[in-house]
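The values are calculated or read from the model by the stated rules, or taken from the named source; none is laboratory data. Since this is a predicted model, take the numbers as computed values, not measurements. No Cβ is skipped: glycine too gets one built from the backbone with ideal geometry, and neighbour counts run over all protein chains shown. Please note that ligands, DNA and RNA were not included when accessible areas were found on the heavy atoms of the full protein model with its side chains. Shrake-Rupley method; radii C 1.70, N 1.55, O 1.52, S 1.80 Å.
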Amino acid sequence: MQVSKTTKKQHVNISIPKEVVVEILQRVPCKDLFETLKKVCMQWCSIIYSGSFAYSHVECGILKSSSSFSQLEAVVIVRIDGTRSVTVSALEWHSSFPNYPPDDIWETKYMYTLDDVLEFPPQVITVNSVNGFVCFWSCNARLHVCNPLTEEYFTTPPYTYENRFVPLCLAAVGFGFCQLSYEYKVVIFHEDGEGFESVEIKPLVFTVGTDRSWRSLKAIPDTKFYTRHEKGVHVKGVLYWYMESCTLPRCRSKIIKSLICFDVSKEEVVTTMVPAELDSLEGGGRYVSRIAEKGGNLCLVNISYGPICSLLIKVYIADTSTDLSSFNSWKNEFNVTVPNMAYNISITNSWFVSIVTDDMLVIQIMSESEIFIDVATGMLLSVFPLSSSAIVIPYVPSLVSLFHRPPPLLNSSFTC
């Protein structure tokens, strides 16, 4: 890039190396790059639209999201009554804090409409987000992937198992990224069995942009999820699901808690036990455990009743390069006590952890609401009401395309 400066005496050309331009652009928010800075000149546009820059930029955003809730955005996907379409809107949650006592006043900004993506009954369920893409499931056995910023969108064909349409048997679902091929894959676990008898999980995989139909993988015997539509957590090329199972058929006296790990590149499934020291509650009592992603790391969150009608939340971070069945592979990141939360609330397996950062916890209570908790003070900051026709998906904004296949990077010395 050259900058010209004209004076009465001389004309000076200043050349800025491309590597310096890249480092400057890396520090700019994604939305500004996409809406404004790509129009400055051809060089900036080519950098911003390159796959290597897009991946480097979103990786930095993911790392920053570990410590700051401000790095995360969210979309609200709402079913349009009487139609097969949904609207995608930006949830202006950063402008809603502080909002205490909590109320139902939330601002959304309409982005666009996705037409004819649903069938009846038109139900939608959150899956997860990866590299700026959000994924959601619809009850016509399809999964939908879109980048809210660039509006890139993809819908899978309906999934079947042995030529059977199986939307109601969906036990778990996840959206992942292959770090070797830069391909995105959608994974579902179809449950074959009834009640609490011994069942097996049958995995199905679809590679976005490559596959034309779903592929069946080797079944996982003697496995059962207690809840339907369990959401996966994607961390460093692996999808994780938290699972509870019984030691004996028809017997809930002893619950075994484990992680199902799906390697997106190898398409292999491994089950590992959750350490007993990690997944237990001092003194007994009702509690629930859930997994989530925090800045590119896997974490386990234990939620239990605390003293004087409070909620006690413990967050553990995993070292995924080691044996996750060992207690030494987990570190207690922080604990939060939320006062006066247990008066009118019941801890159940229908709770999910949406967001974990150093300054914010977001917990979905059944399908009714999402609560926002300040980590430093334990204060309930706000409540977002949910409904059967609306879902919220948090994500890190990115310029990544589903079909980017970046070469070895521009290798900038930029650090987040």
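Numbers for the structure displayed
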read-out: Search result, residues across segment 12-41 that are hydrophobic (A, V, I, L, M, F, W, C) and either more than 19 Å from Ser401 (Cβ to Cβ) or in contact (Cβ under 8 Å) with a residue 60 or more places away in the chain (or both); value: Val12, Ile14, Ile16, Val20, Val21, Val22, Ile24, Cys30, Leu33, Phe34, Val40, Cys41
read-out: Answer from Glu183, Glu119, Glu162, Glu194 - the residue that is out of contact with any helix residue (DSSP H, G or I) (no Cβ under 8 Å at 6 or more places or on another chain), of a type outside the set (Gly, Ala, Ser) and modelled with pLDDT of 90 or more; value: Glu183
read-out: Conditions (1) at pLDDT below 85; (2) open to solvent by 40 Å² or more (accessible area, probe 1.4 Å); (3) in a strand (DSSP E or B); number of the one not met by Phe154; value: (1)
read-out: Yes/no for Cys45 being touching a Lys or Arg at 6+ places or on another chain (Cβ under 6 Å), open to solvent by 10 Å² or more (accessible area, probe 1.4 Å), of a type in the set (A, V, I, L, M, F, W, C) and not assigned by the TED database to the domain that holds Glu183; value: yes
read-out: Odd one out for Ile317, checked against (1) open to solvent by less than 70 Å² (accessible area, probe 1.4 Å); (2) more than 23 Å from Gly176 (Cα to Cα); value: (2)
read-out: Pairs with Cβ under 8 Å, 6+ apart, first in segment 47-76 and of a type in the set (S, T, N, Q), second in a helix (DSSP H, G or I); value: Ser56/Gln26; Ser65/Gln71; Ser70/His94; Gln71/Gly61; Gln71/Lys64
read-out: Within segment 21-42, considering residues that are of a type in the set (Val, Ile, Thr) and open to solvent by less than 70 Å² (accessible area, probe 1.4 Å), the one farthest from the chain's Cα centre (by Cα); value: Val21
read-out: Selection from segment 140-152 of residues that are out of contact with any strand residue (DSSP E or B) (no Cβ under 8 Å at 6 or more places or on another chain) and closer than 19 Å to His229 by Cα; value: Asn140
